[in-house]
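Notes to accompany the following structure.
Rule-based calculations on the coordinates, nothing more; no lab input. Fair warning: this is a prediction, and the values are worked out from it, not measured in the lab. Glycine gets a Cβ as well: all are built from the backbone with ideal geometry, and neighbour counts include every protein chain shown.
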Amino acid sequence: MKYNEKGNNNNSRRSVVLAWVFVIAWMTIIFLFSADDGDISSYKTNQLLLILLDRFRFIFSEALLENTLLIRKLAHFFEFFVLGLLAANAFLVTLGPGKLRIASYSFTLCTVYAVTDELHQIFVPGRVASVWDVLIDAGGATLGILLFIAVLWLVNLIRERRKEKTVVG
């Protein structure tokens, strides 16, 4: 990724648009899952549990995999973990470097979306809004953002070390 002397991203408009398309697409997927009424959501969770039991019985105990509440909360965490990764990438491509700026903008976007997602569920039959789910979502987003920034830092460190070797050697 190239930046000009002001630190602004020289990526093409296409890269920026594509990064945001992924964010919006993932937000749409989250919205569609949240739009399922309580019975459909429970059915999907049970179907997922059957698949997990069948495929991963050798790793997890059956009692753990039969804990639908845990599976549902892990799904919340995972959905927003992915959103955190995608948002951090989109802000990097759009705004350029600045780990604190990327982290704060990404966290704000993900947390606001988590709140709106829970508010949306108030209007879905058999669903309720939960502050705990917002906290779980924010935790997932935070981990995704931190992982993205850690990988970004590591890539930059490797680039710097390679650059040092070529200058010295």
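Relative contact order, whole percent, for the stretch 13-168 stands at 31, derived from Cα pairs under 8 Å and 6 or more residues apart. Applying both filters, DSSP loop and at most 16 other Cβ atoms within 10 Å, to the chymotrypsin sites (Phe, Trp or Tyr not before Pro) of the stretch 87-169 gives 123. Using the Cβ-Cβ distance between residue 25 and residue 108 with R0 = 25 Å, the FRET efficiency computed as 1/(1 + (r/R0)^6) comes to roughly 0.80. Positive end of the dipole of the chain (Cβ unit charges, origin at the Cα centre): among 43, 87, 130, the Cα lying farthest that way belongs to 87. Between residue 151 and residue 55, the FRET efficiency estimated from the beta carbon spacing at R0 = 30 angstrom works out to 0.60. For the chain, the percent of C-alpha pairs falling in each 10 Å distance bin, counted from 0 to the bin holding the largest distance, reads 10, 30, 28, 19, 10, 3, 0. Dividing the helix sum by the residues of the chain, where each DSSP H run of 4 or more adds -39500 (n - 2.57), gives a mean residue ellipticity at 222 nm of -28000 deg cm²/dmol. If R₀ is 30 angstrom, what is the calculated FRET efficiency for the pair residue 164 and residue 13, using the beta carbon separation as r and rounding to 0.05? So, using R0 = 30 Å, E works out to roughly 0.35.
Cβ crowding within 10 Å ranks 13, 72, 159, 101 as 13, 159, 101, 72, fewest other Cβ atoms first.
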